[in-house]
Every structure is written in C-alpha cells, then in structure tokens.
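Accompanying notes for the structure given below.
The values are calculated or read from the model by the stated rules, or taken from the named source; none is laboratory data. Bear in mind the structure is a predicted one, so any value in this text is a computation, not a measurement. Virtual Cβ from ideal backbone geometry, glycine too; neighbours counted across all protein chains shown.
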Amino acid sequence: MGTVERNLAVIGAGYWGKNLVRVLGELGALAAVCDADEELAAKLARDHGGEGRRLQDVLDDPAITSVAVAAPAALHAELASAALEAGKHVFVEKPLALRVADAIPVVELAESRGLTLMVGHLLQYHPAFLALRDRVAAGVIGKLQYVYSNRLNLGKIRREEDILWSFAPHDLSMILSLVGEEPDRVSCVGSNFLSQDIADVTVTHLGFPSGVRGHVFVSWLHPYKEQRLVVVGSEGMLTFDDGVPLPDKVRFYGHRVDWVDGLPVPVKGIGEPVELPAAEPLRLELEHFLDCVATGKTPRTDGREGLGVLSVLERATSSMQNASAPR
C-alpha cells in the first residue's frame, strides 16, 4: 500500500468502532471520529491521531474523503447514503442494511457516483480463510461438494437483532465466496427461548445451482465457543477453526471414499496444518479498502457482495418466520 493520508472519519465509536479507530490510526489514515457520545469520540480520536467531530461537519468537509461506518445496524444504510451523497468513499460494517430494498439504493448510489463502497465482512480478509479459499480454487480437494459452518457461543446476546443477523453474515459471506454463485434454495429453522420475537438458535440450509450444498448453524445459547468452517470436496477436506492458535487454524485432510464391491469405504488421511502468515484480519481489511479508494479497484466485499449476503439473510428470515417451503 502506498502513502496514506489522514482523510478518513469513523462514524460510531462503540464496541467495534473503537477497533476501526485503532487500526486506522496505526495506518495513518484517521482524521476524525464521530459518535453520539462526543466526549468518547474526542478521547478516542486524540489517542489515535485524529480529532472528535460532529457528523455534519465531517460530511461538509471536503478534506474528509472517506468514512467508515460502525453505528448500529439499523443506521447503516442511512449513514452510508449520506456519506455517498457528500461525495465520500464508504466502508460500512455488516450488514449493509436490514432489508434488500434499503440496500439496493445505497449500492446504486455508489456506482452512479463512481465511489468505493465496501462492506465489512471481516473473515474474507482473514489469512486462514484466504489460504483455504485459494486451495479450494486450485482444486486441492477436488470438486467442491458441501460447506458448513458452526458459529456458537454463550453470550453476546442482542436485542436489536436475532442470532441469524448477528452471527451468520460472516459465514454466509465465506460460503458464497467459496461457491461463487447465489443459492437457488434457502431454508431456515430457528428457536426463540429468551424473547418471543428474537431467535436464539438457527440452522440455515443452502442449495446451489451447481449442486453444492451447505448449512450454517448459529447460537448464542451454547455451552462452549466454536467458530469452525468445514469444506468437503471429492478428493479431500479443509477446515478453518478460528478457536485454535494460528498454526492449526487451517488443516487439510486427504480423506476420500473408495468403492469396494459396491460399498463405500472411507479412506482417512492425516490432518495436515496449512502454513499461514501472522497478520491481523482487520488491518488487512482496512488496507484493502484504502487501496481500493486509491486505485479505483473493486473491493472483494463490495456493495454487490453485501447485497448477496443480505438477500440470503432475508430469504432465510422469511423461511423461518413462515415455517414453509424453501424460498
């Protein structure tokens, strides 16, 4: 990445916004921080080389050329649109919006203005996922057949969104990237235990035109933490376990199934660790955004990618709520 200027403002300095502020400060890109808590914004900004500013001041300032939005999800589309209208490039945390209908105008606005719009699907920038994705693309596991993920924990229970919208976007983004196409079948079942209208556990099933299948299991009522992606191919399998140290996060298993006298016989391989570089995913993600702004390249997780994930979330929600056939 070339020379970076301090011309980016972070909108939202809460749980995740403070991480954006820290990394952008380290990258030398941070100019300002905005938050409803102006005192908090000013302190964070001072600590990382920027200044506390009000939102309208940032939007009106031509020296601020980019913004990173880390506000509550319900405000993402509104804030991203306001920044794009002001001529700013936009990085927005997932989800891009809470409805596809609200996200489409944001994507179209960015495209019509020739501005960069990138959605913060962090795990697509994790060195472990990048290594796994490259091996799938290179045919290391043969023909891709099945992908599934578990994102489970006890805690981080939210009231403004259910477990599907809180946890599953990460995994859906990775799965869509691996398969390279939109699912033609989406179904979802969920259970509400703590509140009547908010699902605490969901399982989403995906079917793709190519024949690849997948599922995403998410829960915040689980006795232990698990963040694991499993990719099954005709000639082997890969796993990405984000709960273990870096050297063991990605493993290749040369498992296969042979047919002997008309019967399937599993042939197990030894799990081989995949060497990975030590790099902070958030830093890689924000470096990618800054590079796309500087060069005009399309982000890996651009607005269209964000729309794809949002569409699956919306279809899964509809299936879950109606308890009917896949949509």
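Taking the criterion of being closer than 18 Å to Val293 by Cβ and of a type in the set (Val, Ile, Thr), the only residue of the stretch 22-52 that qualifies is Val23.
Residues considered: Arg256, Arg283, Arg300. Of these, the only one that is surrounded by 13 or more Cβ atoms within 10 Å (Cβ to Cβ) and more than 30 Å from Arg113 (Cα to Cα) is Arg256.
Being of a type in the set (D, E, K, R) and free of Cβ contacts under 8 Å to residues at least 60 places away in the same chain holds for only one residue in Glu280, Glu314, Glu272, Glu305, and it is Glu272. Residue-level check: of (1) outside the structural domain of Pro169 (by TED's automatic domain parsing); (2) within 18 Å of the chain's Cα centre (by Cα), Ser66 misses just (2). Looking at the stretch 84-180, the strands (runs of 3 or more DSSP E) lying wholly inside it that each contain 3 or more residues that are on the phi < 0 side of the Ramachandran plot and surrounded by fewer than 19 Cβ atoms within 10 Å (Cβ to Cβ) sit at 144-154. Restricted to the stretch 56-69, and to residues there that are surrounded by 19 or more Cβ atoms within 10 Å (Cβ to Cβ) and out of contact with any His (no Cβ under 9 Å at 6 or more places or on another chain), the residue that is nearest to Leu123 (Cα to Cα) is Ala68.
Set side by side, the residues Val260, Val230 differ, and just one is out of contact with any Gly (no Cβ under 9 Å at 6 or more places or on another chain), of a type in the set (Val, Ile, Thr) and at pLDDT below 95, which is Val260.
Being touching a residue at least 60 places away in the same chain (Cβ under 8 Å) and over 25 Å from Val216 (Cα atoms) is the requirement here; does Asp291 meet it?
Criteria met by Asp291.
Is it the case, given these coordinates, that Leu276 is among the aliphatic types (A, V, I, L, M), within 20 Å of Ile141 (Cβ to Cβ) and touching a helix residue (DSSP H, G or I) at 6+ places or on another chain (Cβ under 6 Å)? Here the answer is yes, as Leu276 does meet what is asked. Pro183 meets the stated requirement of being assigned to a loop (DSSP other than H, G, I, E, B), crowded, with 18+ Cβ neighbours inside 10 Å and either within 19 Å of the chain's Cα centre (by Cα) or not assigned by TED's automatic domain parsing to the domain that holds Trp220 (or both). Mind checking whether some residue in the stretch 214-221 is assigned by TED's automatic domain parsing to the domain that holds Gly142 and either loosely packed, with under 13 Cβ neighbours inside 10 Å or at positive phi (or both)? Looking for residues that are assigned by TED's automatic domain parsing to the domain that holds Gly142 and either loosely packed, with under 13 Cβ neighbours inside 10 Å or at positive phi (or both), one finds none in the stretch 214-221, hence no.
Considering Leu276, Leu238, the condition of being over 19 Å from the mean Cα position of the chain (by Cα), part of a loop (DSSP other than H, G, I, E, B), of a type in the set (A, V, I, L, M) and surrounded by 12 or more Cβ atoms within 10 Å (Cβ to Cβ) is satisfied by Leu276 alone. Within the stretch 191-235, the set of residues being among the polar types (S, T, N, Q) and part of a strand (DSSP E or B) comprises Ser191, Ser195, Thr202, Thr204, Ser219, Gln227. For the stretch 9-32, the condition holds for no residue, the condition being that it is farther than 28 Å from Asp162 by Cβ, free of Cβ contacts under 8 Å to residues at least 24 places away in the same chain and surrounded by fewer than 23 Cβ atoms within 10 Å (Cβ to Cβ). Arg151 meets all of the listed conditions (1) modelled with pLDDT under 95; (2) within 21 Å of Ala316 (Cα to Cα); (3) in contact with a Ser or Thr (Cβ under 9 Å, 6 or more places away or on another chain); (4) among the charged types (D, E, K, R) but one, namely (1).
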